[in-house]
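S.K.: My structure is below; once you've seen it, I'll send some questions.
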Amino acid sequence: MPSGRGPVWARPVGWFLAHVLWDAHVTGAERVPRTGPVVLAANHVAALDGPLLVGTAPRGLHVLVKAEMFRGPLGGLLRAAGQIPVDRTMARPALQSALGVLRRGGAVGIFPEGTRGGGTVEQVRAGAAWLAVNGDAQVVPVAILGARRPGDPPRGLPALRRTLHVEFGDPVDVRSAAGPRRAAIDHAAGVIRDALADLVVAAQERTGVRLPADDPRSTV
């Protein structure tokens, strides 16, 4: 299980990135439960999304990050920050680590789409739902906009001081889903997908910031 001390110092680092190097506008942070297990499930279009989530969430986060990022000095930094490496061909060890965080009352960040894409949340993997059902956790959908806009290249970072938007939605409670565990997880995944997709659409309308039209999955 990752150390609970990592997010204590990682959060101010993320805040600096979100609010000093870039100009993140945050909406709905008060909707995130301040105590108890919670999963923050965000759409994913750019490499900056993870640090943005850490820097704008109102509590320390252990974020599931693809294992390829845990190499060299950056890998050491991510581990020290309490982030969780995910092997996308065998995600169970990462999910078990995240489950341990939830069982001690902590907060986990996850990108249910599984990798960077168009950010429209048309499909999600079951990880967020599995964590919510097994970790007795609420799920807060999070819409992240602006880190990659139409016309931006699929890789790289946005221009410094660009305006970014992070919107936290109302918590979704899928903990009491009835039926066999597998069916409960499948149902929870659908509920989470719909809540996150609806939030992303609404956030685009409120901010006027659009998702990129392309899907870079084949290049990531």
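The values are calculated or read from the model by the stated rules, or taken from the named source; none is laboratory data. From a predicted model like this one, the values you see are computed outputs, not experimental measurements. Glycine also receives a Cβ, built like all others from the backbone with ideal geometry; neighbour counts cover every protein chain displayed.
S.K.: Scanning for something out of contact with any strand residue (DSSP E or B) (no Cβ under 6 Å at 6 or more places or on another chain) and either in a strand (DSSP E or B) or touching a residue at least 24 places away in the same chain (Cβ under 8 Å) (or both), does the stretch 164-173 turn up at least one residue? Explain how you work it out, then say what you get.
M.R.: Looking only at the stretch 164-173, we keep the residues that are out of contact with any strand residue (DSSP E or B) (no Cβ under 6 Å at 6 or more places or on another chain), and these are 170.
From what's left, either in a strand (DSSP E or B) or touching a residue at least 24 places away in the same chain (Cβ under 8 Å) (or both): 170.
Yes, the stretch 164-173 contains at least one residue that is out of contact with any strand residue (DSSP E or B) (no Cβ under 6 Å at 6 or more places or on another chain) and either in a strand (DSSP E or B) or touching a residue at least 24 places away in the same chain (Cβ under 8 Å) (or both).
S.K.: Looking at Val32, is it at pLDDT 95 or above, touching a Pro at 6+ places or on another chain (Cβ under 7 Å), closer than 23 Å to Asp170 by Cβ and among the β-branched types (Val, Ile, Thr)?
M.R.: Values: at pLDDT 95 or above: yes; touching a Pro at 6+ places or on another chain (Cβ under 7 Å): yes; closer than 23 Å to Asp170 by Cβ: yes; among the β-branched types (Val, Ile, Thr): yes.
So Val32 fits the description; yes.
S.K.: Give Pro85, Pro51, Pro7 a once-over and let me know the one that is assigned to a helix (DSSP H, G or I) and touching a strand residue (DSSP E or B) at 6+ places or on another chain (Cβ under 7 Å).
M.R.: Pro7
S.K.: With respect to Leu64, determine if the residue is out of contact with any Cys (no Cβ under 6 Å at 6 or more places or on another chain), in a helix (DSSP H, G or I) and on the phi < 0 side of the Ramachandran plot. Outline the logic, then answer.
M.R.: On the way: out of contact with any Cys (no Cβ under 6 Å at 6 or more places or on another chain): yes; in a helix (DSSP H, G or I): no; on the phi < 0 side of the Ramachandran plot: yes.
In short, no.
S.K.: Now for a different question. In the stretch 127-155, what residues are closer than 24 Å to Pro93 by Cβ and small (Gly, Ala, Ser)?
M.R.: Gly127, Ala128, Ala129, Ala132, Gly135, Ala137
S.K.: Looking at Ala126, Ala137 in this structure, which one is modelled with pLDDT of 95 or more and of a type in the set (Gly, Ala, Ser)? If you could, list the steps in order and put the result at the bottom.
M.R.: Working: Ala126 fails: modelled with pLDDT of 95 or more.
On inspection, the qualifying residue turns out to be Ala137.
This table checks each residue for (1) within 15 Å of Val39 (Cα to Cα); (2) surrounded by fewer than 13 Cβ atoms within 10 Å (Cβ to Cβ); (3) of a type outside the set (Phe, Trp, Tyr).
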{"site": "Gln138", "(1), (2), (3)": "yes, no, yes"}
{"site": "Val142", "(1), (2), (3)": "yes, no, yes"}
{"site": "Arg155", "(1), (2), (3)": "no, yes, yes"}
{"site": "Pro158", "(1), (2), (3)": "no, no, yes"}
{"site": "Arg161", "(1), (2), (3)": "no, yes, yes"}
{"site": "His165", "(1), (2), (3)": "no, no, yes"}
{"site": "Val174", "(1), (2), (3)": "yes, no, yes"}
{"site": "Arg182", "(1), (2), (3)": "no, yes, yes"}
{"site": "Ala213", "(1), (2), (3)": "no, yes, yes"}
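S.K.: Quick test for you: out of Ala24, Ala46, Ala42, Ala57, pick the one residue that is crowded, with 21+ Cβ neighbours inside 10 Å, within 28 Å of Asp170 (Cβ to Cβ), in contact with a helix residue (DSSP H, G or I) (Cβ under 9 Å, 6 or more places away or on another chain) and modelled with pLDDT under 95. Full working, then the answer.
M.R.: Working: Ala24 fails: modelled with pLDDT under 95; Ala42 fails: modelled with pLDDT under 95; Ala57 fails: modelled with pLDDT under 95.
Selected residue: Ala46, the only one of Ala24, Ala46, Ala42, Ala57 that is crowded, with 21+ Cβ neighbours inside 10 Å, within 28 Å of Asp170 (Cβ to Cβ), in contact with a helix residue (DSSP H, G or I) (Cβ under 9 Å, 6 or more places away or on another chain) and modelled with pLDDT under 95.
S.K.: Considering the stretch 34-48 alone, what residues qualify as being part of a loop (DSSP other than H, G, I, E, B), in contact with a strand residue (DSSP E or B) (Cβ under 9 Å, 6 or more places away or on another chain) and of a type in the set (Gly, Ala, Ser)?
M.R.: Step one: list which residues in the stretch 34-48 are part of a loop (DSSP other than H, G, I, E, B), which gives 34-37, 43-48.
Within this subset, residues satisfying the condition of being in contact with a strand residue (DSSP E or B) (Cβ under 9 Å, 6 or more places away or on another chain) are 36-37, 43-46, 48.
Residues satisfying the conditions are Gly36, Ala46.
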